[in-house]
Amino acid sequence: MPPHAHPAHPQQLPMPSAAAPAAPHIRPHVLIVGGGIGGLTLAILLERAQIPFTVLERSANHRLLGSAIALGPGVLPLFEQLGLLKEIQQSSRPVTRGMVWSEKLIPIMDLDHTSTQKRYGFLTRVIARPKLYKILLSHVPSEKVHLGKKVATFTQSLSSEQQQQHPIVLTCVDGSQYQGDILVGADGAYSVTRYLLYQQIEDDHAEDPSRCPPLPASDKEPLSFTSTCLVGQTQPGLDLNRFKYVRGPDCKVGSIIGDNKPYSWSVFSMPDDSICWMVTEHLKETFSAAPSITSSSSTSSRSASPALSSVALPSPSSLKTDELSESSSEWGADKVDLMCDQVKGFPIPCGPGLKMDDLIQHTARDKISKVMLEEKLFETWSYGRVVLLGDACHKMHPSAGLGAVAAIQDAAVLSDLLYNLPASASLQEISQAFELYREDRYSIAQQSYETSYQMSHLNEQSWISNFIRRVMNNLPKWIWYRVLDRMYEYRPQVSFLPRVEDRGEVPPLPISYSSILPKTSLDLDMGMDMGIDP
């Protein structure tokens with residue numbers, strides 16, 4: 001397949017793209033749809049790799065919502081490579097133990113996490129999602145991030161007949177256009193990029209089945225969810241005499257299992273003397289959310305939960321792309337108020353006599369959100385010059401804290417493969433890089449997906465959940481270590497930055513695409529001084 005010509009500065013309408021840093025050879029311009037944790041991490045990595053990019057975020061402003069994110073040994077070495085570790089450490093707290101209580105605040109489980117430092121080089125750190133977002137955003141040139149850009153459609157040329165100067169043309173709802181060489185859909189569980197990509201695959205397959213294989217049936221099915229969640233973070237500077245839970249240098253991680261009620265709730269102490277919190281309602285059946293692509297699937301009955309009644313989830317046949325971009329997992333203010341009222345009496349282990357209402361009253365109302373906790377692992381991650389990242393290709397339940405971690409790891413592997421593309425890479429070479437990306441990430445994402453699914457049921461009130469909690473509380477150390485190994489053996493770093501020393505006793509898994517990397521990238525001194533604060 002003849003190579004395509006890729007200019008370093010693709011045409012961008014209506015506003016010109018900022019000048020990209022000098023690069024050793026002509027690199028593809030990457031359009032990143034979605035400015036969340038995964039999209040911003042990819043942007044920082046591309047900036048360091050001197051690969052030109054543009055971030056298109058559908059929100060008109062930076063919405064700082066969410067609760068806590070756990071950043072473990074699977075991503076902290078990468079942040080050390082990027083020189084962001086010190087900022088993250090200052091804005092987070094390490095986790096040494098995780099507690100689970102009954103609603104009467106009687107301890108059920110006490111899990112020791114101190115071994116992660118010795119075995120994998122780092123303690124897991126918990127950081128507020130809004131704070132992590134701010135840190136990442138501060139390291140992306142502001143002129144490369146465009147807000148209020150809702151994707152309406154895109155076209156990509158798959159022709160090998162002639163050289164294409166601008167193979168991808170993306171059009172936003174406001175009429176603006178952006179042109180580039182690679183499109184990354186990092187736009188979440190309700191990804192417009194994925195929706196349009198899957199439609200193109202279906203159309204191309206119908207036109208020529210020999211050239212384009214069919215989309216797997218599972219990828220056409222809608223996302224599903226079995227729980228909803230209310231999340232928030234209190235204002236900083238809580239009264240330490242009343243909220244004794246926030247004292248101390250470690251992050252106090254506590255989960256409470258409701259007695260004879262389908263709820264569990266969690267609290268996390270932050271370094272600014274605030275508390276991140278979340279309340280999960282475990283539904284009695286599986287519900288369907290927005291579709292991945294036009295489908296005949298219908299939404300399940302909603303009689304199981306009063307909070308779901310009278311809520312109209314998107315109809316597959318009526319969705320348009322501009323509506324899909326608004327069809328996120330977030331619920332309206334009235335549903336937030338309703339759930340706040342339902343859970344305000346739940347006890348919390350943050351101080352004598354404290355209830356969830358004490359956290360809610362110390363949280364700004366516009367900082368509280370209610371979301372559906374969808375779960376789905378997609379099979380198709382790319383087609384042509386378009387590739388998916390994060391929740392757009394693997395949406396995980398947050399119970400194990402692996403969703404954001406998976407998106408960050410996606411960004412690391414994808415940026416590494418893009419950096420190692422040959423000059424003026426052809427469509428075939430780009431497609432092969434995307435295949436290597438999926439090959440490296442899919443099994444790890446699947447493992448994280450399964451772990452998240454299992455952990456979500458650990459917080460339910462059922463005989464099997466009670467049995468599992470009792471077993472886990474008495475696990476032999478070697479079994480507990482194997483559980484942790486599954487979560488933390490995978491610790492990717494990128495080849496275009498000096499590697500940082502891996503301090504863990506358990507060696508990291510080797511990358512699957514090492515054969516394509518230059519030998520010098522693999523032979524870098526693991527202990528070389530980068531001048532980065534640990």
Straight-line reach from K118: which lysines have Cα under 23 Å away, leaving out those fewer than 8 places along the same chain? K86, K252, K477
Once you have the Cα-Cα distance between Q446 and L111, take 0.36 nm times their residue separation minus that, and quote the gain in nm to one decimal. 118.2 nm
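Using 1/(1 + (r/R0)^6) with R0 = 56 angstrom and r between the beta carbons of D341 and Q50, what's the FRET efficiency to the nearest 0.05?
With R0 = 56 Å, the Cβ-Cβ based efficiency is 0.60.
Take each of the peptides 208-219, 128-139, average the number of other beta-carbon atoms within 10 Å over its residues, and list them starting from the highest.
Values: 208-219: 12.7, 128-139: 19.4.
Per-residue Cβ counts within 10 Å, averaged per peptide and sorted highest first, yield 128-139, 208-219.
Going by a ≥ b ≥ c, the root eigenvalues of the Cα gyration tensor, does region 148-205 fall in the rounded group (a/c under 1.5), the prolate group (a/b larger than b/c) or the oblate group?
Working: a/c = 2.11, a/b = 1.28, b/c = 1.65.
Oblate.
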When ligands, DNA and RNA are left out and all protein chains stay put, how many square angstrom of accessible area per residue does region 97-215 have with a 1.4 Å probe? 42
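Compute the FRET efficiency between D239 and Q177 as 1/(1 + (r/R0)^6), taking r as their Cβ-Cβ distance and R0 = 56 Å, and round to the nearest 0.05. It would help to have the intermediate numbers written out before the result.
Details: r = 53 Å, r/R0 = 0.94.
Efficiency computed from Cβ-Cβ geometry: 0.60.
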Segments 40-46, 387-393, 276-282, 497-503 sorted - mean Cβ within 10 Å per residue, highest first: 387-393, 40-46, 276-282, 497-503
Based on the Cβ-Cβ distance from E285 to I516, what FRET efficiency comes out when R0 is 56 Å, to the nearest 0.05? 0.75
Which Cα, out of A407, Y437, L421, lies furthest along the positive dipole direction of region 382-441 (beta carbon charges, K/R +1, D/E -1)? A407
What is the dipole size for region 144-271, taken about its Cα centre, with +1 at each Lys and Arg Cβ and -1 at each Asp and Glu Cβ, in debye to the nearest 20? 1020
Suppose each label sits 7 Å from its Cα in the direction of the beta carbon; what would the N260-S138 distance come out to in nanometres? 5.0
Could you calculate the contour length gain from V471 to R365, that is, 0.36 nm times the residue separation minus the distance between their Cα atoms, to one decimal place in nm? 34.2 nm
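At 1.4 Å probe size, with every protein chain present, just tell me what the per residue accessible area of region 341-426 comes to in Å². If you can, show how the numbers build up before the last one.
On the way: 2200 Å² over 86 residues.
Accessible area per residue, region 341-426: 26 Å².
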Net charge (Lys, Arg +1; Asp, Glu -1) of residues whose beta-carbon lies under 11 Å from that of V126, V126 excluded, is +4
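Can you tell me how much longer the chain between E207 and L158 gets when fully stretched, taken as 0.36 nm per residue apart minus their C-alpha distance, in nm with one decimal? Could the numbers behind the result be given before it?
Values: separation 49, 0.36 × 49 = 17.64 nm, distance 1.38 nm.
Length gained between E207 and L158: 16.3 nm.
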Lys/Arg +1, Asp/Glu -1 at C-beta; region 180-257 dipole; positive extreme among L196, G254, L223: G254
Could you work out the relative contact order of region 332-406, using alpha carbon pairs under 8 angstrom and six or more residues apart, expressed as a whole percent? 21
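The values are calculated or read from the model by the stated rules, or taken from the named source; none is laboratory data. Treat the numbers as computed from the prediction; the structure is a model and nothing was measured. Ideal geometry is used to build each Cβ from the backbone, glycine not excepted, and the neighbour counts take in all protein chains shown. Ligands, DNA and RNA are excluded from the accessible area calculation, which covers all protein heavy atoms including side chains. Shrake-Rupley method; radii C 1.70, N 1.55, O 1.52, S 1.80 Å.
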